[in-house]
1. Of all residues in segment B:101-118, which are among the aliphatic types (A, V, I, L, M) and at pLDDT below 85?
2. Take segment A:40-59 and flag every residue that is facing another protein chain (nearest Cβ under 10 Å) and among the polar types (S, T, N, Q).
3. May I ask you to say which residue of B:Arg83, B:Arg21 is closer than 30 Å to A:Glu162 by Cα, at pLDDT 90 or above and within 13 Å of chain A (Cβ to nearest Cβ)?
4. I'm told A:Asp29 meets every condition in (1) of a type outside the set (Lys, Arg); (2) more than 24 Å from A:Glu92 (Cα to Cα); (3) touching a residue at least 12 places away in the same chain (Cβ under 8 Å); (4) in a helix (DSSP H, G or I) except one. Can you identify the failing condition by its number?
5. Give the residue, chosen from A:Tyr35, A:Tyr26, A:Tyr71, that is among the aromatic types (Phe, Trp, Tyr) and either exposed (fewer than 15 other Cβ atoms within 10 Å of the Cβ) or facing another protein chain (nearest Cβ under 9 Å) (or both).
6. Pick out, from segment A:109-156, the helices (runs of 4 or more DSSP H) lying fully within it that include 3 or more residues that are at pLDDT 95 or above, within 13 Å of chain B (Cβ to nearest Cβ) and within 21 Å of A:Thr174 (Cα to Cα).
7. At the interface with chain A (Cβ under 7 Å from one of its Cβ atoms) and loosely packed, with under 13 Cβ neighbours inside 10 Å: does that describe B:Pro48?
8. Please specify each residue of segment A:46-65 satisfying the condition of being over 17 Å from A:Ile152 (Cα atoms) and of a type in the set (Val, Ile, Thr).
Amino acid sequence: MAQNDKKKMQPTDEDLIERFQHGELYAFDLIVKRYKNQLLNFIFRFLGNQEEAEDLVQETFLRVYKNRRAYRKVAKFSTWIYTIAGNLAKTELRKRKRRKIFSITDLGYEEKDYEICDMAFSPEDQVNGLITEEIVQREIEGLSPKFREVIILRDIQELSYEEISKIVRIPLGTVKSRVNRGRLKLQERLKPYLPRE
Amino acid sequence: MKGIGTYFLKGLLMKKCERFRQHFSDYIDGLLDSTIRLELENHLENCPRCLKVIQRMKNVSQKLKHLPGLKTSPDFDMVLRTRIRVESGLERKSWSENKFKWSIQIPVYAASIAIIWGAFVFINDQNIKQNQGMPLSFQYHTAGDTILSNTKQDKNVYYELPIYPVDYFLQRPAALPSAKKVNSIESDSLRQKQLSKLPHSKKQIQNNRKPVSFTF
């Protein structure tokens with residue numbers, strides 16, 4: 001009961017950004033506190049590098065700070081901030097591709113999923129049906145960005161399809177179809193590590 | 001014959017599988033319409049392959065939901081504050097630099113526009129004055145006359161014209177449209193009288209040459 005009251009007392013994200021727009025810097029600190037870990041997980045699952053992800057989270061907050069006047073209350077604040085973070089992550093992926101950090105991108109990374117040679121694979125793990133976080137992360141990164149983004153937003157960030165549709169700026173039907181295809185691809189990739197029925 | 005039948009049935013089942021595949025995600029999320037859900041469940045009873053796929057999808061989704069969450073480094077807030085301070089400072093600096101730049105640029109642009117405008121007005125004025133020298137627009141007066149305009153007293157400037165204005169119009173009747181309209185005998189005779197008074201030979205013109213004045 002007391003916890004419920006406490007929740008009710010908490011200002012919404014939209015209240016906080018409004019207060020921040022009126023010059024209350026403490027409201028911005030609260031926004032950072034609320035979103036920093038969520039965004040870090042989102043970007044990390046997208047890029048697979050914690051240091052880069054943290055840098056992009058900082059960049060996201062910096063943009064929120066600088067463009068606070070651009071936010072209008074018609075949209076949810078979470079949608080707005082996730083859109084900024086998602087765009088930054090996608091830009092970073094494109095930069096990586098240009099720099100050709102990973103020669104594997106030459107295989108046609110935009111449209112197709114690529115196979116990475118599994119160095120850590122052991123038949124023992126397969127038998128035991130062990131599926132580690134590293135394996136999952138690697139297989140998520142193996143998905144093409146358009147499937148990766150919706151899978152992270154839906155299954156890791158647990159956002160609604162409507163929210164994802166607004167963040168990614170694609171129709172609801174397309175989001176559902178992408179999530180379905182992404183899940184099908186991922187289960188196929190993780191098949192060797194899943195317990196045998 | 002039996003082999004073909006089995007192949008045909010398998011093909012049908014595969015088609016059915018493909019049709020249901022697009023609903024797997026909605027089924028897992030519990031968002032599937034009841035009619036399609038019942039159809040899919042009936043299909044799953046007869047298709048262990050699709051059942052396995054759905055079970056794996058559920059497993060993967062569960063695994064993703066329970067992935068350990070990362071936390072930002074302890075100095076995250078401090079670094080962010082520093083970056084904001086630096087970037088805000090740069091923003092202010094760039095604004096003040098721009099302000100300084102504009103404070104110089106605006107008078108320069110204004111002066112350039114004024115010079116161009118002045119030159120245009122001067123050239124235009126010269127052209128007008130030159131045009132005023134043309135016979136159609138000039139006025140002539142006897143020497144010593146003073147023309148008074150509404151605003152100021154214009155100076156009389158004396159020019160020796162090579163030809164009298166009246167001669168000019170007589171030689172070029174098209175230049176004086178009103179001349180064409182005079183048809184009556186009276187007007188004709190009046191004109192004849194006026195013409196007879198005017199000098200006709202070059203010598204007469206030179207003898208009758210009078211100074212005329214221009215107004216500017």
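1. If the condition is that a residue be among the aliphatic types (A, V, I, L, M) and at pLDDT below 85, then B:Ile104, B:Ile106 are the ones that fit.
2. Of everything in segment A:40-59, those that are facing another protein chain (nearest Cβ under 10 Å) and among the polar types (S, T, N, Q) turn out to be A:Asn41, A:Gln50, A:Gln58.
3. B:Arg21 is the lone residue from the list that is closer than 30 Å to A:Glu162 by Cα, at pLDDT 90 or above and within 13 Å of chain A (Cβ to nearest Cβ).
4. With (1) of a type outside the set (Lys, Arg); (2) more than 24 Å from A:Glu92 (Cα to Cα); (3) touching a residue at least 12 places away in the same chain (Cβ under 8 Å); (4) in a helix (DSSP H, G or I) applied to A:Asp29, the lone miss is (3).
5. Values: A:Tyr35 fails: either exposed (fewer than 15 other Cβ atoms within 10 Å of the Cβ) or facing another protein chain (nearest Cβ under 9 Å) (or both); A:Tyr71 fails: either exposed (fewer than 15 other Cβ atoms within 10 Å of the Cβ) or facing another protein chain (nearest Cβ under 9 Å) (or both).
One residue alone meets the criteria, A:Tyr26.
6. Details: elements: A:123-128, A:133-142, A:145-151.
Filter on segment A:109-156 gives A:145-151.
7. Working: at the interface with chain A (Cβ under 7 Å from one of its Cβ atoms): no; loosely packed, with under 13 Cβ neighbours inside 10 Å: yes.
Criteria not met by B:Pro48.
8. A:Thr60, A:Val64
The values are calculated or read from the model by the stated rules, or taken from the named source; none is laboratory data. Predicted, not measured: the structure shown is a model, and the values here were computed from it. Ideal geometry is used to build each Cβ from the backbone, glycine not excepted, and the neighbour counts take in all protein chains shown.
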